[in-house]
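A.B. asks: Here's a structure for you.
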Amino acid sequence: MSELDEQIQNRRDKRQALAAAGVPVYPHRYEWDLEPTDVKTKYAAATAEELEALGLRLRVPGRVKAIRQQGKIVFLDLHDGREKLQLFIRKNQIPEADLQILDHLDLGDQLGASGQLIRTRAGELSLMVDGLTFLAKALRPMPEKWHGLADVEVRYRQRYLDLASNEDSRKVFETRAAIVRTLRTFLEARGFLEVETPMMHHIPGGATARPFKTHHNALDIDLYLRIAPELFLKRLLVGGIPRVYEINRNFRNEGISTRHNPEFTMLEFYWAYADYRQMMDFTEELIAAVAEAALAVQGKAEVTWEGRPINLARPWARLTMREAITRYAGLPDERLDSLESLQAIFAERGLAAPAGGTYGHHLMALFEAVAEEHLFDPVFITDHPVDVSPLAKQRPDDPRFVERFELYIAGMELANAFSELNDPDVQAERFRQQLTAREAGDAEAHLYDADYVRALEHAMPPAAGNGTGIDRLTMVLTDRQSIRDVILFPLLRPEAD
RNA sequence: GGGCCGCUAGCUCAACUGGCAGAGCAGCAGACUCUUAAUCUGCGGGUUGAAGGUUCGAUUCCUUCGCGGCUCACCA
């Protein structure tokens, strides 16, 4: 028998022994008063004398994280995922039936304990136990108590073990929850209405990406998991919801990396009567509020990336895409003015020509190649080329460019926003151009969405829209360099066997 | 998909240039009435990711495969 099988058998035997002694091994409920974390926070300051005078009797549930036996007394740590509460058990002061439980307990078991709250001589807040309730058996051994679980593969595949043994991991997901909560609070306070739009699309749109394909049997039609909610949310602007947002999953059938998971969470919001400049101000405020909440949860004073502080002081820098290239590549602005000139730069630098091959594709690719990695503190990169921005409104003074920005922090694109194109005829023309690009081999060019154009024909108010990646925002605010560390169950290949 | 790296006991990790696979924690048995990584005594636990190959001998070298990490490509 292998060592693991032996441990499992031991634990099964103990469970059997308890059942034979008449102990319900999987009871249906447990009446409890406080969890360990709440006990710790409420009575952190109480002295031994105060607790004695109080004579507080509590029932506390949790997972057994440590057992320290010392002759006829047993110390036991009960954990609720955040904090532990120590149980102090005198074996001769609990009922015979509960002694059975104690004698058949293993690390990892779920247990309820009743008793009086005291402080030990060593000063540890503890429950002086007078009764135990068995709640569930851990048939498998927990990861080691001191080093926790280090194997990244197991941490991702068996996240329950990661959460149960690594406090840091729990903290990341608490922070993520605070980030989403703060986004909602901020937007709700400003009159934005939360909506849910379809995840299954006939025409995948609103972003440049390859979709997942699926099939509906009863209708016998192919459907696509959405790559963005954008076109539906803007239909809602037409419908008379001038401030609207959605926080939900997008799906993109592309490579996996430290910054990409096939399903990821996006906030998209649309703000009628505003343009992209107002949206920049709004975004600064929004992200600053979220950062503050994230720091509070983590008990940190500043946002850091790989230990290096990120300066979130406002106002944040704003650079046009051409200015960013000029600054970081040392290229004069005049050389960024034509496709021919850009192609010459690509040739000089040995850069591969981008898919699509237009002026805009080249400018965007050049920006990503030379500037992106330098953008550590928050910066808005603005004024993208029109041919890579088919849903954005052109600049009145230079229609080759659009009123758009991307927010970069720690070298990562966190948000993408623009003044929304609302002229149906221009939009129709942009869609046609995308189709042409598609026919020329650009697999990610947008599809023509006739109903969306029809919606614009009913008049969409001028508006600014913003899409912010929640996973990446969480990465930045928790100093995690892999997106898998901020997604509870990241996509992995299935396990062998 | 390409390149590089990793996979040893339940967990965390050792094992020199190819020469008897180890430690701590966890487990099992015992001692101990204020411990908190408790301590002390003793014991058990391995298809070294899988399959082949080279060799007197492979955790170690080679090949293929699996899974993971980083990175490039793609992208948000």
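A.B. asks: Can you run down the residue pairs with Cβ atoms below 8 Å, 6 or more apart or on separate chains, where the first is in region A:1-21 and within 11 Å of RNA strand B (Cβ to nearest atom) and the partner is of a type in the set (A, V, I, L, M, F, W, C) and open to solvent by 80 Å² or more (accessible area, probe 1.4 Å)?
C.D. replies: A:Gln9/A:Met1
A.B. asks: Also, I was wondering about something else. Can you tell me which residue is nearest to the chain's Cα centre (by Cα) among those in region A:471-489 that are farther than 17 Å from A:Leu375 by Cβ and within 9 Å of RNA strand B (Cβ to nearest atom)?
C.D. replies: Out of the qualifying residues, it is A:Asp471.
A.B. asks: Can you pull out every residue in region A:462-482 that is touching a Gly at 6+ places or on another chain (Cβ under 9 Å) and assigned to a loop (DSSP other than H, G, I, E, B)?
C.D. replies: A:Asp479 - this is the single residue of region A:462-482 that is touching a Gly at 6+ places or on another chain (Cβ under 9 Å) and assigned to a loop (DSSP other than H, G, I, E, B).
A.B. asks: Being crowded, with 20+ Cβ neighbours inside 10 Å and under 22 Å from A:Pro390 (Cβ atoms): is that true of A:Pro198 here? Spell out the reasoning first.
C.D. replies: Details: crowded, with 20+ Cβ neighbours inside 10 Å: no; under 22 Å from A:Pro390 (Cβ atoms): yes.
No, not satisfied.
A.B. asks: If a residue must be hydrophobic (A, V, I, L, M, F, W, C) and touching a strand residue (DSSP E or B) at 6+ places or on another chain (Cβ under 8 Å), how many such residues does region A:159-198 contain?
C.D. replies: Residues in region A:159-198 being hydrophobic (A, V, I, L, M, F, W, C) and touching a strand residue (DSSP E or B) at 6+ places or on another chain (Cβ under 8 Å): 7 in total.
A.B. asks: Looking at region A:207-247 only, could you name the residues that are away from RNA strand B (no atom under 16 Å from the Cβ), β-branched (Val, Ile, Thr) and under 20 Å from A:Ala417 (Cβ atoms)?
C.D. replies: Hits for region A:207-247 are A:Val238, A:Ile241, A:Val244.
A.B. asks: Another question, then. Filtering region A:284-324 down to residues that are assigned to a strand (DSSP E or B) and among the basic types (Lys, Arg), which residue is farthest from A:Thr175 (Cα to Cα)?
C.D. replies: Filtering first and then ranking leaves A:Arg318.
A.B. asks: For region A:165-194, which positions are surrounded by 15 or more Cβ atoms within 10 Å (Cβ to Cβ), more than 18 Å from A:Ala293 (Cβ to Cβ) and under 19 Å from the mean Cα position of the chain (by Cα)?
C.D. replies: Result: A:Asn166, A:Ser169.
A.B. asks: Select from region A:131-144 the residues that are within 14 Å of RNA strand B (Cβ to nearest atom) and surrounded by 14 or more Cβ atoms within 10 Å (Cβ to Cβ) and list them in ascending order.
C.D. replies: Within region A:131-144, A:Lys137, A:Ala138, A:Leu139, A:Pro141, A:Met142, A:Pro143 meet the criteria.
A.B. asks: Yes or no: A:Leu149 of a type in the set (A, V, I, L, M) and closer than 30 Å to A:His361 by Cβ?
C.D. replies: no
A.B. asks: Looking at region A:1-49 only, could you name the residues that are farther than 25 Å from A:Leu135 by Cβ and surrounded by 12 or more Cβ atoms within 10 Å (Cβ to Cβ)?
C.D. replies: Result: A:Ala46, A:Ala48.
A.B. asks: Scan region A:96-112 and tell me whether some residue there is near RNA strand B (Cβ under 10 Å from one of its atoms), without any contact (Cβ under 8 Å) to a residue 60 or more places away in the chain, open to solvent by 40 Å² or more (accessible area, probe 1.4 Å) and more than 35 Å from the chain's Cα centre (by Cα).
C.D. replies: Yes, there is a match, as at least one residue in region A:96-112 is near RNA strand B (Cβ under 10 Å from one of its atoms), without any contact (Cβ under 8 Å) to a residue 60 or more places away in the chain, open to solvent by 40 Å² or more (accessible area, probe 1.4 Å) and more than 35 Å from the chain's Cα centre (by Cα).
A.B. asks: Out of all the residues in region A:346-360, which are assigned to a helix (DSSP H, G or I), closer than 25 Å to A:Pro390 by Cα and either away from RNA strand B (no atom under 15 Å from the Cβ) or β-branched (Val, Ile, Thr) (or both)?
C.D. replies: A:Tyr359
A.B. asks: How about region A:407-429: which of its residues are assigned to a strand (DSSP E or B), of a type outside the set (Ser, Thr, Tyr) and either surrounded by fewer than 21 Cβ atoms within 10 Å (Cβ to Cβ) or in contact with a helix residue (DSSP H, G or I) (Cβ under 8 Å, 6 or more places away or on another chain) (or both)?
C.D. replies: Residues of region A:407-429 assigned to a strand (DSSP E or B): A:407-409, A:412-420.
Adding the requirement that they be of a type outside the set (Ser, Thr, Tyr) leaves A:407, A:409, A:412-418, A:420.
Across region A:407-429, the qualifying residues are A:Leu407, A:Ile409, A:Met412, A:Glu413, A:Leu414, A:Ala415, A:Ala417, A:Phe418, A:Glu420.
A.B. asks: Going by what's in this entry, would A:Ala189 be described as among the small types (Gly, Ala, Ser) and either within 16 Å of RNA strand B (Cβ to nearest atom) or not assigned by TED's automatic domain parsing to the domain that holds A:Asn466 (or both)?
C.D. replies: No, not satisfied.
A.B. asks: Which of the residues belonging to region A:230-256 are among the charged types (D, E, K, R) and either part of a helix (DSSP H, G or I) or open to solvent by less than 10 Å² (accessible area, probe 1.4 Å) (or both)?
C.D. replies: The answer is A:Glu230, A:Lys234, A:Arg235, A:Glu246.
A.B. asks: Further, regarding this structure: I'd like to verify a number: residues in region A:361-406 that are over 15 Å from A:Ala464 (Cα atoms), out of contact with any Gly (no Cβ under 8 Å at 6 or more places or on another chain), charged (D, E, K, R) and not in a loop (DSSP other than H, G, I, E, B), how many?
C.D. replies: So the answer is 1.
A.B. asks: Within the group A:Glu188, A:Glu196, which residue is of a type in the set (Asp, Glu) and not in a loop (DSSP other than H, G, I, E, B)?
C.D. replies: Being of a type in the set (Asp, Glu) and not in a loop (DSSP other than H, G, I, E, B) holds for just one of A:Glu188, A:Glu196, which is A:Glu188.
A.B. asks: Would you say A:Pro204 is within 16 Å of RNA strand B (Cβ to nearest atom), in the same structural domain as A:Asp471 (by TED's automatic domain parsing) and open to solvent by less than 60 Å² (accessible area, probe 1.4 Å)?
C.D. replies: For A:Pro204, the condition - within 16 Å of RNA strand B (Cβ to nearest atom), in the same structural domain as A:Asp471 (by TED's automatic domain parsing) and open to solvent by less than 60 Å² (accessible area, probe 1.4 Å) - is met.
A.B. asks: How about region A:457-470: which of its residues are within 14 Å of the chain's Cα centre (by Cα) and among the polar types (S, T, N, Q)?
C.D. replies: Within region A:457-470, just A:Thr468 meets the criteria.
The values are calculated or read from the model by the stated rules, or taken from the named source; none is laboratory data. Predicted, not measured: the structure shown is a model, and the values here were computed from it. Positions of Cβ are backbone-derived with ideal geometry, glycine not excepted, and every protein chain shown enters the neighbour counts. For accessibility, only protein heavy atoms count, side chains too; no ligands or nucleic acids. Shrake-Rupley method; radii C 1.70, N 1.55, O 1.52, S 1.80 Å.
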